[in-house]
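The values are calculated or read from the model by the stated rules, or taken from the named source; none is laboratory data. Small disclaimer: the values here were computed from a predicted structure and weren't measured. Because the Cβ atoms are built from the backbone with ideal geometry, glycine has one as well, and the counts that use them run over all protein chains shown.
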Amino acid sequence: MEPIQKDKVQQQLDSYVDQEIYLHLETTNGSYAVLRGERTISVGAFIRNVPLRFERAVIAGHGPYRVGLKMQHGWVYAEGLTDWEPERQEGLLLAGHDEEGRLAVAFQVSRTPFGKEEE
Amino acid sequence: MKPHVLVVYPHPDDETFGPGGTIILHAQAGTPVTYLCGTLGQMGRNMGNPIMANRETLPKLRKLELQQAAKILGISDLRMMGYHDKTVEFEDREVLVKRILDVIEEIQPTVVYTYYPGHAVHPDHEAMAEATVEALSRIPAEQRPVLYCQAISNNRLEALGEPDVSVDITSVAEIKLQAIKAHYTQTAQTAARLEKAYANKDPEIIPWLTVERFYTYRWE
């Protein structure tokens, strides 16, 4: 992945407005976080290939970036985004990596479901 | 009975970091090793250093890494179960148990390795370990293979005491290190540190590459 180019990401976000898209959204501090100390808990959530439609999409900030998708009845939000995949044919892949290069947040939208590469 | 080893873990690299050296020793002794790997570690946080993977390319890369590491360890029969990382505990447990049991009945292992249930930390580890114990519990006691479990919880020593089995892997430490490095996306940073520490005989790191410890599972 490469550092986010804000204007190019905004262009791509705009291209998905008012269409049915598939969302992958996740955040995690790692399943082994519990081993780091008594008061640390492993925290994470992901949703994958949830279809939705949004009417407005904005990338904000100066890095790390935030993204908000405004939907008819609510919002999708992610923060801490640092990198994107500029070469990808279909779908917009954004991620936030910590100081050691580990993924801490991912935000992805695509016109087709994610996961075909797994095979 | 002809010796055959079965290894059951959920993520590519669990087999290397856990019983990697022990697997190499089994393979060097000519024993066939079957590895049932639950997922492709699709949700891993490590993406290589420099970052070379994204959430969508990671499973493909980890599959290649797993195949390479299996070759290095001497695993003769690698079977990927096709579950999605982080979701094993939510799957139909009976189906999972049955799949493991089918393999046990097919290959007739004499020794099985997995995590120690309750001391496996990651929910996928726990689910695979519990299902493995459940599958083995359905084998009549006199035919049941020996089950060796690794515990990685912080409270393992208080709860379980000292592991009763210690395998000296000194002779294959460098091969284990190669297998660790084969899981490149996951170990790019740690492998370099590990290699350096090993070369410098760092007392913190040396045990990692010289001894692997297991609890013989006690059936009630």
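What do you reckon, is B:V103 assigned to a helix (DSSP H, G or I), more than 14 Å from chain A (Cβ to nearest Cβ), in contact (Cβ under 8 Å) with a residue 40 or more places away in the chain and among the β-branched types (V, I, T)?
yes
When you scan region B:186-204, do you find a residue that is out of contact with any strand residue (DSSP E or B) (no Cβ under 6 Å at 6 or more places or on another chain), within 14 Å of chain A (Cβ to nearest Cβ) and at pLDDT 90 or above, even just one?
yes
Conditions: (1) within 14 Å of chain A (Cβ to nearest Cβ); (2) under 23 Å from B:G21 (Cβ atoms); (3) among the acidic types (D, E). B:E126 meets all but one. Number of the miss?
(2)
Among the numbered criteria (1) more than 9 Å from every other protein chain (Cβ to nearest Cβ); (2) without any contact (Cβ under 8 Å) to a residue 60 or more places away in the chain; (3) within 16 Å of the chain's Cα centre (by Cα), which single criterion is violated by B:L40?
(1)
Would you say B:R144 is within 14 Å of another protein chain (Cβ to nearest Cβ) and among the basic types (K, R)?
The answer is no for B:R144.
Is it fair to say A:L25 is at pLDDT 95 or above and closer than 17 Å to B:R55 by Cα?
Judged against the criteria, A:L25 is a match.
Can you list residue pairs whose Cβ atoms sit under 6 Å apart, with the first residue in region B:163-174 being in contact (Cβ under 8 Å) with a residue 40 or more places away in the chain and the second being among the basic types (K, R) and surrounded by 14 or more Cβ atoms within 10 Å (Cβ to Cβ)? Count only pairs 6 or more apart in sequence or on different chains.
Note: pairs meeting the criteria are B:P163/B:R213; B:S166/B:R213.
Give the residue, chosen from B:T170, B:T110, that is loosely packed, with under 14 Cβ neighbours inside 10 Å, within 24 Å of B:A27 (Cβ to Cβ) and out of contact with any Phe, Trp or Tyr (no Cβ under 8 Å at 6 or more places or on another chain).
The conditions single out B:T170.
If you scan region A:103-119, which residues turn out to be surrounded by fewer than 18 Cβ atoms within 10 Å (Cβ to Cβ) and either under 13 Å from A:E26 (Cβ atoms) or among the charged types (D, E, K, R) (or both)?
Result: A:R111, A:K116, A:E117, A:E118, A:E119.
When you go through (1) within 14 Å of chain B (Cβ to nearest Cβ); (2) surrounded by 14 or more Cβ atoms within 10 Å (Cβ to Cβ) one by one for A:L69, which number turns out not to apply?
Of everything listed in (1) within 14 Å of chain B (Cβ to nearest Cβ); (2) surrounded by 14 or more Cβ atoms within 10 Å (Cβ to Cβ), A:L69 misses just condition (1).
For the structure I just gave you, tell me whether B:P117 is within 14 Å of chain A (Cβ to nearest Cβ), touching a helix residue (DSSP H, G or I) at 6+ places or on another chain (Cβ under 9 Å), within 30 Å of A:S42 (Cβ to Cβ) and surrounded by fewer than 20 Cβ atoms within 10 Å (Cβ to Cβ).
The answer is no for B:P117.
Out of the residues in region B:71-96 that are within 30 Å of B:V172 (Cβ to Cβ) and among the hydroxyl-bearing types (S, T, Y), state the one that is surrounded by the fewest Cβ atoms within 10 Å (Cβ to Cβ).
B:S76
Among (1) touching a residue at least 12 places away in the same chain (Cβ under 8 Å); (2) under 11 Å from the mean Cα position of the chain (by Cα), there is one condition A:Y77 misses while meeting the rest; what is its number?
It fails just one condition, (1).
Hey, can you tell me all the residues within region A:29-59 that are more than 11 Å from every other protein chain (Cβ to nearest Cβ), at pLDDT below 95 and either surrounded by 14 or more Cβ atoms within 10 Å (Cβ to Cβ) or farther than 17 Å from A:A104 by Cβ (or both)?
A:R39
Taking the condition of being of a type in the set (G, A, S) and under 21 Å from B:M47 (Cβ atoms), how many residues in region A:55-106 meet it?
Selection size over region A:55-106: 9.
Give the residue, chosen from A:E26, A:E99, that is over 12 Å from the mean Cα position of the chain (by Cα) and either more than 17 Å from B:T57 (Cβ to Cβ) or surrounded by 12 or more Cβ atoms within 10 Å (Cβ to Cβ) (or both).
Unique residue meeting the criteria: A:E99.
Tally up the residues in region A:1-18 that are among the acidic types (D, E), part of a helix (DSSP H, G or I) and touching a residue at least 12 places away in the same chain (Cβ under 8 Å), please.
Matching residues across region A:1-18 total 1.
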